[in-house]
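These notes are about the structure you will find just below.
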Amino acid sequence: MTTRIKPDEQRKQQIRTAATRCFVRRGFAATRLLDIAREAGLSKGGVYFHYRAKEALFHDILEAQFAALAARWDTQQASDQPADLALRGLVLTHLQSLEQSPDEARFCNLMISMASQNPEFREKFELSLSGMRSRYAEIVRRGEFAGDPVQLASGVIALIYGVAAQSAADPQASLPLTSEQVSDLAVRLVRGPA
């Protein structure tokens with residue numbers, strides 16, 4: 001049985017997709033609702049009907065991004081799977097989504113810069129980071145790697161976001177390393193010196 005998306009939700013998704021492209025291309029401050037309407041192929045009133053302000057639209061995009069991120073973290077790793085394989089798999093899942101959607105990598109960079117400017121965005125971003133740290137730390141603990149699990153988890157997240165940040169320098173927003181290479185680096189990071 002297939003689920004149907006309501007036309008209203010389809011239109012909001014169309015607007016969010018167009019807004020994401022505008023925000024990553026022009027930045028939050030320089031983007032106007034009119035720019036988003038043009039990108040979406042709608043009238044300004046068509047956008048305004050769903051979103052009265054670009055802040056509300058940005059919040060809606062953030063919520064969708066965080067929900068997608070949470071869905072990635074919900075992938076359960078087999079408890080009998082070795083921790084290094086579980087870690088590698090989780091990092092792969094995270095990075096493959098950035099590879100498959102260049103706008104997501106660009107939006108990730110925008111989200112980080114917005115978090116430093118807006119307390120509400122910062123709060124949501126910290127909540128997301130906290131969830132990531134917990135998930136990675138749980139795997140690190142299971143593997144009994146040397147070092148503090150929370151610090152190692154923070155290092156893995158820094159590696160992922162550092163790679164994502166470097167995509168800003170590429171016209172196609174390509175990551176400078178493959179997701180497999182970064183996953184291997186993450187495992188080496190938590191294992192420590194050989």
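The values are calculated or read from the model by the stated rules, or taken from the named source; none is laboratory data. The model shown is predicted, which means the values in this text are computed figures rather than measured ones. Note: ideal-geometry Cβ built from the backbone for every residue, glycine included; neighbour counts use all protein chains shown. Each accessible area value is taken on the protein alone, full model and side chains, heavy atoms only, with ligands, DNA and RNA left out. Shrake-Rupley method; radii C 1.70, N 1.55, O 1.52, S 1.80 Å.
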Flag for E123 being out of contact with any Cys (no Cβ under 8 Å at 6 or more places or on another chain), open to solvent by 30 Å² or more (accessible area, probe 1.4 Å) and free of Cβ contacts under 8 Å to residues at least 40 places away in the same chain: yes
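For the range 11-127, list the helices (runs of 4 or more DSSP H) that sit wholly inside it and hold at least 2 residues that are within 18 Å of A164 (Cβ to Cβ); which are they?
Details: elements: 33-40, 44-50, 54-73, 83-100, 102-115.
Passing ranges, in order: 54-73, 83-100, 102-115.
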The range 147-194, subset out of contact with any helix residue (DSSP H, G or I) (no Cβ under 8 Å at 6 or more places or on another chain) and within 17 Å of C108 (Cα to Cα), residue least open to solvent (accessible area, probe 1.4 Å): G162
All positions within the range 33-55 that are open to solvent by 40 Å² or more (accessible area, probe 1.4 Å), within 23 Å of the chain's Cα centre (by Cα) and either modelled with pLDDT of 90 or more or of a type in the set (F, W, Y) (or both): E39
